[in-house]
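Shown next, in C-alpha cells, is the structure this report addresses.
The values are calculated or read from the model by the stated rules, or taken from the named source; none is laboratory data. Keep in mind the model is a prediction, meaning the values are calculated, not measured. As a convention, Cβ positions derive from the backbone with ideal geometry for all residues, glycine included, and neighbour counts pool all protein chains shown. The area values use the complete protein model at the heavy-atom level, side chains included, leaving out ligands, DNA and RNA. Shrake-Rupley method; radii C 1.70, N 1.55, O 1.52, S 1.80 Å.
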Amino acid sequence: MNDGTPKPRPTKSKWWGRGRAGDSGAMTPGADGAESPTSGVAADVDGDLEPASPIPAPAHRPEPLHDPDPHSTPPYGQPGPWAPAPPVQHPTVTSGYDVAPQVLTGAPGAPVAGGAGGAQTPPSPSDPDLDPDPHPDLPATNPWHRYDPWATPAPLQQNGAPALTHQQRRNRARKRLAASALGIALLSGGVGGVVGAYIERDGAGGDIVLSQAGEEASGRAPDSVAGIAARALPSVVTLHVTGDEESGTGTGIVLDTRGHILTNNHVVQPAGSDGEISVSFSGGQTARAKVVGHDSGYDLAVVQVSGVRGLRPMPLGNSDNVRVGDPVVAIGAPFDLDNTVTSGIISAKDRPITAGGDAADGSDVSYVDALQTDAPINPGNSGGPLLDSQARLVGINSAIRSADDGTDTGDGQAGSIGLGFAIPVNQAKRVAEELINTGKATHPVIGVTLDMDYTGDGARVAAKGSGDGPAVTAGGPGAKAGLKAGDIITGVDGERVHSGDELIVRTRAHRPGDQLRLTLRRDGKDMTVSLVLGSSTTG
C-alpha cells in the first residue's frame, strides 16, 4: 500500500488489545504472517489491512509490576489486576419481552457494537409484527426484574418476590379469619342492638302476642306423683260431717263397689247418733252416708253410701313391705280443699303414738303403731290415703305433730311441720273387715292391768286391777304365761318397750291369737316368757 498504510507492529506471541462485543479476542494472520486482531481493522480485497477506524493511543498506560501471563487473557480487556471491575448491571426489561442483559465489550461508557456474538438490540414494541403488551400497567413478570445479587437467597415467586413459608401462610390465614369473625360479631351485635331497641321502643307492630308452649300428651309416668294421683283420685272422697255441737271435714277411701268407705273415727265422731254425713266424689257426685261401725281404740270407722255407680275401689298394699325412705303420696282435703295432693317419704316405722283422750275415762284414746311421713298432712287430711309408688294404699293418715300443743288429731287448725302419722294398712284392713262384717272390732289383749303412772323404763304390771280386783286376770293370757303384779315388761319380740302406752301399741299391732315373746324384769332378774294374745270387743 501507499502512504496511508500503517506499518505493522512487531510480532508478539499474544496480542493484548481491547476486543469488542462478539469477538473472541483471537488474532488472525496478516499478509506478512503476523497476527493481527480481527476487530478494529478490515481486510481489503488485495489482502492488505486497512484501518476500520483510528485507534487512539492511550495517553499513559502504567506498566504492570509483573510479566504478562502468557497463558490467559484477563476478562475485562486491560492486563493486570488493576483493571476496574464493571458495574453491576440490572437487566432492563421491556414490557412483554425477555431481553438479555447487555455485555460490555469496550471501555466504560463506550457504545455497544453488535457482532456475531454480541447482544441483540430488542425489537421495538411499536413494531407492527409484534403483539402489544396486554397489561402495560402491571409490573414485569420476569423474575430478573427484582433480582438483587447481594440479597439473602430465598424462594422466588413468579414475580421475583420471596415466597411465604407454610407457617407464614397459616398465620396470615388465621389473622384474616379472626379479623373476619370479629367484623361479623361487631356487625351482628350492632344490627341486633338497633333492632332490639326499635322493637322495645315501638314494638313489632300490631297487638302483642306472647309465646307459649304447645299442647303436650297428658299422660305421665305411672310411678310419678302425677301418675299416682291420676290413678288414686277416683277412689278418694271428701266427707262433710255436721252434728248438734260441731262439724268438720275429712277424707275417705273407697273400699269396694258396695259403697263402703274407710275413714278415721274422729272424722265421723261429731255426727253422733243423729248427725249428717255427706260424701263428695272426685267426679262431682254427692251422696249421704251412714256409719257402719267405728272403733276409737284404732281411730277407724266405716261409712256406706248407696245409689252411687261407677265406684272405683282403691288397691291395698302391704305396710310390712314399706321401708324407711320410700316415696309416698298423700291425698286429702286440708282446710276443706278437696283432692289436695302432697308427697314425701316414709320417715320412720313402728312409731308408737296416742291420739284423742278427750273423754274423762280415756275411752277415746287411740293407740297406733304408726308410719311416720314428712308428706304435708293438715286438718282435713284425716282418713285419707298414704300411697306407695304404685298407687297402693299403705296407710291411713290420722295424726300430726304440731308446733303449738304437741299433738293434733287433725280436727284442729294447727298446720303441718313435716311430722305426720298414718295407721298401717295391715292393721286398718283387719279392723275394716271386722267393722263391715260385725259392726265392731276386736282388740288383742294380754290380760293384765298396767300402772300408767309408772315413770321408769318399761311397762309395770299394777299391784291391783280395776275395782280392787287382781291386776292379772285369772285365766287370761298373762296368767297363763306366769305374769305377776309388779313385773316390769321391757320388750316385745325383741323390741324395747319404754312405757305402758308403748306396750299397748305393740300389742294392738297384732291380731288376737298371735304369740308374743315378752322380756321382763322380776326382783332384779331378767326373764323371757311366751304369751298368746286374747281378744276383747269394744263398741
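Data for the structure
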| item | result |
| --- | --- |
| Residues whose placed amide H lies under 5 Å from that of V328, excluding near-sequence neighbours | G344, I345, I346 |
| Mean Cβ neighbour count within 10 Å, used as a protection proxy, ranking 302-310, 484-492, 392-400 highest first | 392-400, 484-492, 302-310 |
| By accessible area with a 1.4 Å probe, ligands and nucleic acids excluded, highest first: order of T528, T340 | T528, T340 |
| Square roots of 5 times each gyration tensor eigenvalue, C-alpha, region 432-536, largest first, Å | 23, 15, 13 |
| Added length on full extension, which subtracts the Cα-Cα distance from 0.36 nm per residue, E495 to V191 | 101.8 nm |
| In Hz, Karplus ³J(HN,Hα) per residue of region 378-386 (6.51, -1.76, 1.60; θ = phi - 60°; x = Gly, Pro) | 10, x, x, 7, 4, x, x, x, 10 |
| Rounded percent of accessible protein surface that carbon and sulfur make up, region 478-539, 1.4 Å probe | 45 |
| Total formal charge among the other residues, if their Cβ is under 12 angstrom from that of D523, Lys/Arg +1 and Asp/Glu -1 | +2 |
| Dipole in debye (nearest 20) - region 410-497, about Cα centre, beta carbon charges: Lys, Arg +1; Asp, Glu -1 | 220 |
| Phi to ³J(HN,Hα) by Karplus 6.51 cos²θ - 1.76 cosθ + 1.60 over region 468-482, Hz, x for Gly, Pro | 6, x, x, 6, 9, 5, 5, x, x, x, x, 5, 5, 7, x |
| Inter-probe distance in nm under a simple model that places probes 7 Å from Cα toward Cβ, at R517 and I417 | 3.8 |
| Residue (of L483, G467, S499) at the positive-pole extreme of region 465-509, dipole from beta-carbon charges | L483 |
| Accessible-area ranking of M314, M452, largest first, probe 1.4 Å | M452, M314 |
| Amide proton proximity set for G293, modelled H, under 5 Å, gap of 5+ | V302 |
| Potential extension, S530-T286 segment - 0.36 nm per residue separation minus Cα distance | 82.7 nm |
| Nonlocal amide H pairs with G465, under 5 Å, H built at 1.01 Å | A471 |
| Under the Karplus curve 6.51 cos²θ - 1.76 cosθ + 1.60, θ = phi - 60°, whole-Hz ³J(HN,Hα) for region 169-186, x wherever Gly or Pro sits | 5, 5, 4, 5, 5, 5, 4, 5, 5, 4, 5, 5, 4, 4, x, 5, 5, 4 |
